[in-house]
Amino acid sequence: MIKIEAIVREEKLEDIKEALAKIEVNGVTVSQVMGCGKQKGYQELVRGMEVSITMLPKIKFEIIVSCEEWEQKTIKAIQEAAFTGNPGDGKIFSYDLRNVMRVRTKEIGTAAIN
Ligand SMILES: Nc1ncnc2c1ncn2[C@@H]1O[C@H](COP(=O)(O)OP(=O)(O)OP(=O)(O)O)[C@@H](O)[C@H]1O
Ligand SMILES: [Mg+2]
């Protein structure tokens, strides 16, 4: 099992939800987060000095999938929906995941996510 974490532009929330629904990825966690990438937020002049406004609001998606095939499909769908071509489009991370349990049935592993 693989965990995919995508940190993207707030205004892309609906587009990404739609793109995931289209490929039938149904289990998703979304949160509002703050962060910065290599531009460290953005630069602003304050009394003649350049200062960094370091943390910008972003949306984080967390998705657990069963295998590499779904990892690739999910990452492709998110990348396409999140893309504008400008700095700040976001990042997508993936990790190996140890285990999952569905509380209602006590199913574990891939049985708990499908
Ligand atoms: N190395 C990192 N570790 C953890 N979170 C990161 C990292 N890089 C980016 N993020 C998260 O992703 C969000 C979006 O990053 P961003 O798209 O600005 O990345 P970038 O590397 O600066 O790429 P770009 O040049 O396209 O802006 C950040 O606000 C932050 O929350
Ligand atoms: Mg950036």
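The values are calculated or read from the model by the stated rules, or taken from the named source; none is laboratory data. What you see is a predicted model, and the numbers here were worked out from it, not measured in a lab. Here Cβ is always computed from backbone atoms with ideal geometry, including for glycine, and neighbour counts include all displayed protein chains.
Could you please find all residues in the stretch 19-54 being among the hydrophobic types (A, V, I, L, M, F, W, C), without any contact (Cβ under 8 Å) to a residue 24 or more places away in the chain and in a loop (DSSP other than H, G, I, E, B)? If the condition is that a residue be among the hydrophobic types (A, V, I, L, M, F, W, C), without any contact (Cβ under 8 Å) to a residue 24 or more places away in the chain and in a loop (DSSP other than H, G, I, E, B), then 36 is the only one that fits. Would you call residue 16 outside any loop (DSSP other than H, G, I, E, B) and in contact with a Phe, Trp or Tyr (Cβ under 7 Å, 6 or more places away or on another chain)? Judged against the criteria, residue 16 is a match. Filtered by the rule that a residue be in contact with an Asp or Glu (Cβ under 7 Å, 6 or more places away or on another chain) and either more than 9 Å from ligand 1 (Cβ to nearest atom) or over 19 Å from residue 94 (Cα atoms) (or both), the stretch 29-60 gives 29, 43, 51, 53, 57, 59. Restricting 80, 62, 69 to residues that are more than 28 Å from residue 38 (Cβ to Cβ), at pLDDT 95 or above and of a type in the set (D, E, K, R) narrows the list to 69. Filtering the stretch 55-114 to residues that are touching a residue at least 24 places away in the same chain (Cβ under 8 Å), surrounded by 13 or more Cβ atoms within 10 Å (Cβ to Cβ) and of a type in the set (Asp, Glu) leaves 62, 71, 89. For the stretch 1-28, a residue qualifies if it is closer than 12 Å to residue 90 by Cα, surrounded by 14 or more Cβ atoms within 10 Å (Cβ to Cβ) and either in contact with a Cys (Cβ under 9 Å, 6 or more places away or on another chain) or of a type outside the set (A, V, I, L, M) (or both), and the qualifying residues are 5, 9, 12. Can you find a residue in the stretch 84-98 that is over 18 Å from the mean Cα position of the chain (by Cα) and within 16 Å of ligand 2 (Cβ to nearest atom)? Looking for residues that are over 18 Å from the mean Cα position of the chain (by Cα) and within 16 Å of ligand 2 (Cβ to nearest atom), one finds none in the stretch 84-98, hence no.
Kindly indicate whether any position in the stretch 16-24 is at positive phi and either small (Gly, Ala, Ser) or in contact with a Pro (Cβ under 7 Å, 6 or more places away or on another chain) (or both). Checked the stretch 16-24: no residue is at positive phi and either small (Gly, Ala, Ser) or in contact with a Pro (Cβ under 7 Å, 6 or more places away or on another chain) (or both).
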